[in-house]
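Asker: This structure is in structure tokens; I'll ask about it shortly.
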Amino acid sequence: MQKFIDPDYKDLHDPLLLPDIQAALKRLDLAIKNDETVGIFGDYDIDGLTAVALLHEAFTAFGLKSVAFIPDRFVDGYGMSKRGIDELHSQGVNLIVTVDCGSRSEKEVAYAKSLGIDTIVSDHHNIDEPLKNAVATINPKRNDSQYPFAQRAGAGVAFGLVQAMQTRFKGLTFDKAKWLLDLVALATISDVVDLRGENRILTIYGLKVFNQTKRPGLQALIKQAFGNNQRVIDETDIGFGLAPRLNAAGRLIGAETALKTLLCKEEAEAEKLAIKLNQLNASRRQEQRVIFKEASAKAAKFAEDRVLVLHAKNWSHGINGIVAAKLVETYSKPTFVMQDLDDGTTKGSARSISGFSLGQALKEVKRLLISGGGHELAAGATIKTTDVDEFREQLNDFYDRSVDSTKITSVWDKYDLQLTDFKDLNLELAEKIASLKPYGQGNPQPLFLFTNVKVVEHRPVGVDGDHAKLKLQDTKGTNIEAIGFRLSTQFAEHATGQVDLLAGLEKNEFNGRVNVQLVIKAVKPKL
Ligand SMILES: [Mn+2]
């Protein structure tokens with residue numbers, strides 16, 4: 001318990017246990033000696049972008065030149081591509097190091113080899129076999145991996161490569177390397193990987209670095225997101241404030257603006273970039289609102305379906321993933337939100353509920369897939385537009401065959417303690433509970449169940465009035481303040497009634513005033 005609450009950086013595992021790490025170091029040694037320029041093949045999401053920034057900075061410290069290729073979501077899609085390899089080839093690259101991708105790029109790695117380019121894959125996506133044509137496949141999810149922890153983010157694996165390089169090459173001292181941990185925290189939180197084990201160590205130390213970050217781009221972005229007030233940035237600020245801004249670029253115009261923001265050294269340029277990301281995020285939010293409204297209307301037509309498959313011509317597949325996530329919150333059903341493209345294909349993203357694996361489901365309907373795949377709770381798919389109805393039917397069939405409805409748990413089953421009143425909810429308790437932060441996948445925030453709570457006051461707050469600021473009262477007349485993110489509509493429905501609540505207890509600092517507040521996760525009328 002003590003180790004969990006106060007983890008030690010020294011407890012990170014030996015990086016030399018990563019699979020194929022010696023082969024990778026040997027090839028990188030050669031690159032340093034021959035003064036080669038290394039191509040870093042990344043991804044357009046935050047994990048991929050931070051990994052590129054991290055590796056580029058570390059390589060520079062080790063005296064190794066590098067250039068990056070970030071795929072375009074709309075042109076290349078996810079993973080290594082011929083276009084990216086050609087571009088790196090034209091820049092004189094003889095060695096590519098992938099980050100956050102590559103585990104399924106056997107064909108592309110072979111293509112690179114045919115051009116005389118060696119490839120070191122560093123990745124964290126599911127993998128069956130190490131790649132035959134790669135110099136090294138550094139992926140802790142390999143079946144034969146001896147590395148004790150398999151859940152690092154893509155940037156976490158890239159950081160593992162850097163840690164291993166530190167044992168062999170000069171140029172990056174421990175003190176210097178720790179300034180890379182802001183990027184590791186950003187990626188680990190944004191990629192929604194398990195926050196236990198090594199990821200807890202990396203995130204806790206990473207958040208400390210993040211709060212003292214020397215990157216002008218991150219400083220400027222924090223200012224854009226939260227104004228000038230001094231605040232301690234935590235995992236929620238990253239997940240809901242900074243990550244959406246960094247991701248907005250890749251969803252709308254291409255991820256370069258976000259990468260530049262991470263790497264930028266000039267304050268004035270940083271501010272320009274951060275303002276640009278802020279504007280892109282506002283456009284993203286606007287577009288998302290429109291798609292969500294249209295998709296909700298379509299969802300009503302398929303009210304009987306267990307799996308929702310929704311599609312339209314003008315729903316951008318750069319944004320559909322977030323809309324799918326919001327629909328899952330609303331309907332608690334696995335949901336595909338897809339765009340019909342001009343070439344006769346339909347492409348989109350899916351999000352799921354626990355108990356229905358999208359990865360499994362897509363394997364089941366693979367006859368209809370042009371491309372696609374994914375994890376348990378998130379996936380992507382491209383099919384022929386003429387196949388959409390059959391796709392929907394087969395997914396619903398698979399749901400009926402495979403899902404044990406008793407195993408689908410409700411959010412109301414997931415509380416830690418039921419309390420009958422508010423009297424013990426003080427600052428000291430809130431601070432003790434906060435020692436379990438950062439919360440996330442694998443380490444959810446401790447939640448209390450309250451029944452028979454009276455809503456004394458309800459005020460919509462936030463940019464769109466989405467959030468509910470509340471005053472609540474227990475049966476003994478004790479009041480407490482509360483906030484419910486994205487719950488304003490629900491509270492408006494039973495504004496003066498008695499409700500049941502699921503909530504966490506947090507410290508709230510506002511205008512120099514410190515108090516406790518409940519952070520509401522779910523609400524329903526008292527039955
Ligand atoms: Mn990733």
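Asker: Determine, yes or no, whether F69 is buried (at least 19 other Cβ atoms within 10 Å of the Cβ), farther than 24 Å from G239 by Cα and under 20 Å from the mean Cα position of the chain (by Cα).
Answerer: So F69 fails the test.
Asker: Taking the residues in the stretch 371-407 that are loosely packed, with under 13 Cβ neighbours inside 10 Å and not small (G, A, S) as candidates, determine which candidate is nearest to F74 (Cα to Cα).
Answerer: T386
Asker: Tell me the residue from F174, F169 that is surrounded by fewer than 23 Cβ atoms within 10 Å (Cβ to Cβ), at pLDDT 95 or above and out of contact with any strand residue (DSSP E or B) (no Cβ under 8 Å at 6 or more places or on another chain), please.
Answerer: From the options F174, F169, the qualifying one is F169.
Asker: Still on this structure, please answer the following. If we scan the stretch 420-429, do we find a residue that is in contact with a helix residue (DSSP H, G or I) (Cβ under 6 Å, 6 or more places away or on another chain) and over 19 Å from L502 (Cβ atoms)?
Answerer: No: zero hits.
Asker: Tell me, which residue of the stretch 100-138 that is closer than 22 Å to G359 by Cβ and among the aliphatic types (A, V, I, L, M) is surrounded by the fewest Cβ atoms within 10 Å (Cβ to Cβ)?
Answerer: So, considering only residues that are closer than 22 Å to G359 by Cβ and among the aliphatic types (A, V, I, L, M), the one surrounded by the fewest Cβ atoms within 10 Å (Cβ to Cβ) is I127.
Asker: Does E269 count as out of contact with any helix residue (DSSP H, G or I) (no Cβ under 6 Å at 6 or more places or on another chain) and within 23 Å of A378 (Cα to Cα)?
Answerer: no
Asker: Do you know which residues across the stretch 470-498 are part of a strand (DSSP E or B) and out of contact with any helix residue (DSSP H, G or I) (no Cβ under 8 Å at 6 or more places or on another chain)?
Answerer: Once the filter is applied, which keeps residues that are part of a strand (DSSP E or B) and out of contact with any helix residue (DSSP H, G or I) (no Cβ under 8 Å at 6 or more places or on another chain), the stretch 470-498 yields K471, L472, Q473, N479, I480, E481, A482, I483, Q498.
Asker: Follow-up. What number of residues in the stretch 161-200 are in a helix (DSSP H, G or I), within 20 Å of E235 (Cβ to Cβ) and more than 16 Å from the ligand (Cβ to nearest atom)?
Answerer: Of the residues in the stretch 161-200, 7 are in a helix (DSSP H, G or I), within 20 Å of E235 (Cβ to Cβ) and more than 16 Å from the ligand (Cβ to nearest atom).
Asker: Looking at (1) under 30 Å from A153 (Cα atoms); (2) under 25 Å from the mean Cα position of the chain (by Cα), can you tell me which one I483 breaks?
Answerer: (1)
Asker: Does at least one position in the stretch 217-230 carry a residue that is at pLDDT 95 or above, within 16 Å of the ligand (Cβ to nearest atom) and of a type outside the set (S, T, Y)?
Answerer: No, that holds for no residue.
Asker: Restricting attention to the stretch 102-114, and to residues there that are within 20 Å of I70 (Cβ to Cβ) and not charged (D, E, K, R), which single residue is farthest from the ligand (Cβ to nearest atom)?
Answerer: Restricting to residues being within 20 Å of I70 (Cβ to Cβ) and not charged (D, E, K, R), the top hit is Y111.
Asker: Identify all residues within the stretch 231-254 that are more than 30 Å from F510 (Cβ to Cβ) and not in a helix (DSSP H, G or I); write none if there are none.
Answerer: I253, G254
Asker: Filtering the stretch 121-160 down to residues that are outside any loop (DSSP other than H, G, I, E, B) and in contact with a Gly (Cβ under 9 Å, 6 or more places away or on another chain), which residue is nearest to the ligand (Cβ to nearest atom)?
Answerer: Among residues in the stretch 121-160 that are outside any loop (DSSP other than H, G, I, E, B) and in contact with a Gly (Cβ under 9 Å, 6 or more places away or on another chain), the one nearest to the ligand (Cβ to nearest atom) is G154.
Asker: Oh, and also: Which residue pairs have Cβ atoms closer than 7 Å, lie 6 or more positions apart in sequence or on different chains, and pair a first residue in the stretch 448-463 that is within 10 Å of S488 (Cα to Cα) with a second residue that is modelled with pLDDT under 95 and assigned to a loop (DSSP other than H, G, I, E, B)?
Answerer: Qualifying pairs under 7 Å: H458/A495.
Asker: Moving to a separate point now. Is it true that V93 is in contact with a strand residue (DSSP E or B) (Cβ under 6 Å, 6 or more places away or on another chain) and part of a loop (DSSP other than H, G, I, E, B)?
Answerer: yes
Asker: Identify, please: which residue in the stretch 32-58 is surrounded by fewer than 24 Cβ atoms within 10 Å (Cβ to Cβ) and part of a helix (DSSP H, G or I) and is, among those, farthest from the ligand (Cβ to nearest atom)?
Answerer: K33
Asker: Okay, next question. From the list T261, T257, T203, T213, pick out the single residue that is of a type in the set (S, T, N, Q), in contact with a helix residue (DSSP H, G or I) (Cβ under 7 Å, 6 or more places away or on another chain) and not in a helix (DSSP H, G or I).
Answerer: Unique residue meeting the criteria: T213.
The values are calculated or read from the model by the stated rules, or taken from the named source; none is laboratory data. Owing to the predicted nature of the structure, the values given are computational and were not obtained by experimental measurement. When we count neighbours, we look across all protein chains shown, and the Cβ atoms used for this are built from the backbone with ideal geometry, even at glycine.
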